[in-house]
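This report concerns only the one structure given below.
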Amino acid sequence: MDERAVEIWNDELEELFLRTGHRFRRVEPRRRMRDYIRGLLGPVGRKNGWQLAEYAGHRTPDRLQRLLNGARWDADEVRDDLQHYVAERLGEPDGILILDDTGFLKKGTTSAGVQRQYSGTAGRTENCQIGVFAAYATTQGRALVDRELYLPKSWTDDRDRCRAAHIPDERTFATKPDLAKAMVLRAIASPLPIAWVTADAAYGQEWRLRRMLEETGLGYVLAVPKSQQVPHFGRIDHLFSQAPDEAWERRSCGDGAKGPRVYHWAALQITAAEDFDGELPTHQRWALARRSISRPQEIAYYLAYAPLGTSVEHLVRVAGTRWAIEEAFQAAKNECGLDQYEVRRYTGWTRHITLAMLAHAFLAVMAADAAAKGAAETVPASRPSPWLKFGGSWQLATHPSHALISPSPGHAH
């Protein structure tokens, strides 16, 4: 990075600190928050207490640990500031909210919410904590915007254990889809412009979540298991097993690390959804299937709810956006220490995760700004087309003033 780039990054980071600094009433925790964020963004090998403290110039990690465990500040308020920041810098009207969870491997039994449970991150049952997250994605970029620690019944049924881990008394048992629903409602109340919600089958199979999204008017494309029942049609896998060959079309659902993610897709309109005020239908329900081209026995299924007139291509694009949260998890863990905390209490977990999300959002914004700047520098100016249409036939223009102006990228032809 040259000096100008460093200056831009520092200015943006200072702006982010100004957005959130008022949440810390005293100077000491405000400074420690800045130290912590700079450490999460810095070239620190493992972003634990000692290494972050060393990077910040502290002799011991005591002050940073106090920031996470003892200082007076509300992580939910900082999360709200994060959502404002992402809405302002990455927001688009067609924004997509993505729901998923990720595991944090842990030893022992005292860390809040820890137990032997299935972790999709590890792909097996492990001693771990599970965090449920919401990410926000647009063509500008993607960032994690909300989080909740999943508390199994082994914890919520033992209030003494909860109090020892500083888990609030109001935190009773909630399923992962229940936590996701709460995050959706918070996102709707935030400045984030959201048109769609997507998630994997663990969330998509929850009919209460789908119903809530329909009641709020949000479109969705949610993965469901093959045993999912479709009203009037039976199991969704049986429905698509009857689809004719021509119903399957080759479509890309977005770019991956190795290029476009191309599958065979089939889509079926199920029913028009009446407005909840009894007015004429405004939305359509769909069933979709995604089949691997090289391994056609591998089929994923989706239920969707979309405004009337929505194309299958748009639904496929929304479905493909779900992978953005996996990329956000990886980036936040690798670059911002999302999973490298050394706290055991509920408050410390929530605070570390929130600050790591804030650091990741900063990187997402800087990446979006760099991409926009690069595009502006590399896209050539539009040139006049040498073709003109005279009397129903195309001819070469004889003079530049006769030529048509080429449409700008993305303009409808």
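The values are calculated or read from the model by the stated rules, or taken from the named source; none is laboratory data. Note that the structure is a prediction, hence the values are computed from the model and not measured. Neighbour counts run over all protein chains shown; Cβ positions are idealised from the backbone, glycine included. Calculation scope for accessible area: heavy atoms of the full protein, side chains included, ligands and nucleic acids excluded. Shrake-Rupley method; radii C 1.70, N 1.55, O 1.52, S 1.80 Å.
Summary table below
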quantity: Value at 222 nm in deg cm²/dmol, rounded to 500, when DSSP H runs of n ≥ 4 in the chain each add -39,500 (n - 2.57); calculated: -12500 deg cm²/dmol
quantity: Extended-chain gain in nm, criterion 0.36 nm per residue less alpha-carbon gap, Ala272 and Glu92; calculated: 62.1 nm
quantity: Size of charge dipole - the stretch 154-225 - debye, nearest 20, with Cβ of Lys, Arg +1 and Asp, Glu -1, no other charges; calculated: 80
quantity: Cα long-axis angle, helix 207-216 against the chain (0 to 90 degrees, to the nearest 10); calculated: 70
quantity: Cα gyration tensor shape of the chain, rounded if a/c is under 1.5, else prolate or oblate by comparing a/b with b/c; calculated: oblate
quantity: Nearest-20 debye value, the chain charge dipole, Cβ charges on Lys, Arg, Asp, Glu; calculated: 1240
quantity: Cα gyration tensor shape of the stretch 20-95, rounded if a/c is under 1.5, else prolate or oblate by comparing a/b with b/c; calculated: oblate
quantity: Cα gyration tensor shape for the stretch 1-157, rounded if a/c is under 1.5, else prolate or oblate; calculated: oblate
quantity: Amide proton proximity set for Val230, modelled H, under 5 Å, gap of 5+; calculated: Arg235, Ile236
quantity: Set Lys47/Lys153; Lys47/Lys258; Lys106/Lys226; Lys176/Lys373; Lys47/Lys107 screened for pairs whose C-alpha atoms are more than 28 Å apart; calculated: Lys47/Lys153; Lys47/Lys258; Lys106/Lys226; Lys176/Lys373
quantity: C-alpha long axis of helix 75-90 to longest principal axis of the chain, angle in °; calculated: 30
quantity: For the stretch 120-265, size of Cβ-based charge dipole, Lys and Arg +1, Asp and Glu -1, in debye; calculated: 180
quantity: 0 to 90° range, to nearest 10: angle between helix 323-336 axis and the chain longest Cα axis; calculated: 40
quantity: Heavy-atom accessible surface of the chain: percent carbon and sulfur, 1.4 Å; calculated: 50
quantity: Beta bridges by DSSP in the chain, antiparallel share as percent, to the nearest 5; calculated: 90
quantity: Total formal charge among the other residues, if their Cβ is under 15 angstrom from that of Ala180, Lys/Arg +1 and Asp/Glu -1; calculated: +1
